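Have a look at the structure below, then the notes.
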Amino acid sequence: MIPTLEWLPAGVNFLDQTKLPLEETYVLATDYKQVATVIRDMIVRGAPAIGVSAAMGVAIGIDRSTAATLVELTAEVDVICKTLAETRPTAVNLFWGIDEIRNLYNEMVAAGAAIPEIKAAVVAKSRKMYDEDIDACKQMGRNGAALLPQTGTVLTHCNAGALATCGYGTALGVIRAAVEDGHTIDVFADETRPFLQGARLTAWELMKDNIPTTVLCDNMAASLMRQGRIQAVIVGSDRIAANGDVANKIGTYGVAILAKEHGIPFYVAAPWSTVDMATANGDLIPIEQRSAREVTHSNGKQMTPDGVGIENPAFDVTPAKYVTAIITELGVLRAPYEESIKQMAEQKTLATV
Ligand code: MRU
């Protein structure tokens with residue numbers, strides 16, 4: 001399995017995704033500040049992987065603290081959570097990951113637990129979240145595989161694979177599950193300018209699995225759809241609003257419109273932790289703006305004239321009306337999403353009470 005991230009006795013070890021596909025190197029984060037840097041610099045990226053990384057970041061911060069009292073430790077935990085929360089704004093999984101550990105910490109403090117006991121519990125919880133993420137991806141795969149064509153070509157945008165999760169992937173997990181079930185699938189991977197998650201990462205991990213993959217420049221999908229060469233689109237998500245609007249990598253919205261125009265199903269695969277019931281619709285989702293340099297430079301080489309204006313929003317929002325179905329580990333959601341999402345949230349609450 002592709003080791004996206006791993007809790008080790010020495011710290012949290014991250015496969016450096018900025019170096020792929022040319023180098024397979026690792027970055028060991030030995031404290032929470034380093035975990036925050038790894039997330040901000042996109043050494044680890046992809047919403048589910050970011051969520052578990054943030055949880056491990058809070059856990060390592062608590063575990064390595066030298067605070068002698070709970071009052072001191074709680075003040076540190078505030079700073080740790082704030083530092084991690086300020087890394088990337090769009091993927092709601094980041095905040096979910098932080099909250100899962102923070103809530104456990106608060107509950108244990110309220111129950112009168114001692115510091116060593118709290119440290120062991122938060123580390124164990126973050127490691128369990130890692131395992132649960134892989135299980136959720138595999139369940140998403142089982143839930144979504146039958147939606148993909150028995151034989152055909154599937155387009156994906158960005159990387160929603162093993163590298164974007166703790167393993168197996170969301171959108172690529174559904175593709176993997178379909179292939180395991182005997183479907184014959186070829187993948188078109190949009191290159192995904194400017195960070196090239198499709199060209200560098202999706203192509204790298206699918207080739208490792210021997211799934212036939214072809215990289216497309218981002219402007220090629222329309223023409224291929226018109227020629228009947230794409231049978232389905234499947235992508236991941238960074239945040240799904242309560243009405244089913246989907247935030248994902250910049251460029252996803254355009255692909256969704258093209259799919260609708262050509263009568264091609266457009267699927268979104270995401271764990272339930274990506275659904276943000278507190279955000280009513282996509283207009284309210286914060287969109288990360290990244291540095292101009294990601295656009296002006298490629299492989300260290302300047303591509304644009306000095307001083308030109310640059311836009312670099314990292315994500316866009318696809319309105320729910322373009323989404324054929326949302327595949328989660330809890331089941332497949334269909335329109336009207338406001339209702340199907342609400343219903344699933346209620347079932348989830350009942351199941352956890
Ligand atoms: O900026 P990134 O690389 O973190 O963006 C990743 C995406 O947009 C993915 O499609 C999304 O997080 C889903 S990953 C399973």
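The values are calculated or read from the model by the stated rules, or taken from the named source; none is laboratory data. Remember, predicted model here, so these are calculated numbers, not experimental data. Cβ coordinates were reconstructed from backbone atoms using ideal geometry, including for glycine residues, and neighbour counts include every protein chain displayed. Accessible surface areas use protein heavy atoms only, side chains included; no ligands, DNA or RNA. Shrake-Rupley method; radii C 1.70, N 1.55, O 1.52, S 1.80 Å.
Where does helix 92-110 land angle-wise versus the long Cα axis of the chain, in degrees 0 to 90, nearest 10? Approximately 20 degrees, to the nearest ten.
Please figure out what share of the DSSP beta bridges in the chain is antiparallel and state it in percent, rounded to the nearest 5.
Approximately 50 percent, going by the DSSP bridge assignments.
In this rough spin-label picture, where each label sits 7 Å from Cα along the Cβ direction, the Ile257-Lys33 distance is 4.5 nm.
Of the solvent-accessible surface of the chain, computed with a 1.4 Å probe over protein heavy atoms with every protein chain present, carbon and sulfur atoms account for 53 percent.
Neighbours of Ala67 by Cβ distance under 13 Å: Lys/Arg scored +1, Asp/Glu scored -1, total -2. Per residue, the chain exposes 42 Å² of accessible surface when a 1.4 Å probe is rolled over the protein heavy atoms with every protein chain present.
Full extension of the chain segment joining Gln347 with Met207 gains 46.6 nm, where the gain is 0.36 nm per residue of separation less the Cα-Cα distance. When peptides 167-176, 291-300, 32-41 are ranked by their average number of other Cβ atoms within 10 Å per residue, the highest-first order is 167-176, 32-41, 291-300. Axis angle, to the nearest 10 degrees, between helix 337-352 and the longest C-alpha principal axis of the chain: 30 degrees.
To the nearest 0.05, how large is the calculated FRET efficiency for Ala67 and Ala278 if R₀ is 35 Å and r is the Cβ-Cβ distance? Between Ala67 and Ala278 the formula returns 0.65. Treating the angle as unsigned and between 0 and 90°, give the value, to the nearest 10°, between the Cα long axis of helix 70-85 and the longest Cα principal axis of the chain. For 70-85 against the chain, the angle is about 20 degrees. For Lys119, a cut-off of 18 angstrom between C-alpha atoms picks up these lysines, skipping any fewer than 8 places away in its own chain: Lys33, Lys128.
Quote to one decimal, in nm, the extra length available between Lys301 and Glu23 on full extension: 0.36 nm per residue of separation minus the C-alpha distance between them. Could the numbers behind the result be given before it?
Numbers: separation 278, 0.36 × 278 = 100.08 nm, distance 1.89 nm.
Full extension from Lys301 to Glu23 adds 98.2 nm.
Amide H contacts of Ala325 (H built 1.01 Å from N, in plane; Pro and chain starts excluded): Phe266, Val268 sit under 5 Å, all sequence-distant by 5 or more or on other chains. For the chain, what does the helix formula give at 222 nm: sum of -39500 (n - 2.57) over DSSP H segments with n ≥ 4, over the residue count, nearest 500 deg cm²/dmol? About -13000 deg cm²/dmol.
Neighbours of Lys249 by Cβ distance under 11 Å: Lys/Arg scored +1, Asp/Glu scored -1, total -3.
Highest first, please rank the peptides 271-281, 90-100 by the mean number of other Cβ atoms sitting within 10 Å of their residues.
Per-residue Cβ counts within 10 Å, averaged per peptide and sorted highest first, yield 90-100, 271-281.
Between the C-alpha center of segment 273-349 and that of segment 94-153 there is a gap of 21 Å. Just the number, please: Stokes-Einstein D of the chain in µm²/s, Kirkwood Rh from C-alpha pairs, 37 °C, 0.692 mPa s. Answer, rounded: 159 µm²/s. A full extension of the chain between Gln227 and Asp16 corresponds to an added length of 72.2 nm, given 0.36 nm per residue minus the alpha carbon distance.
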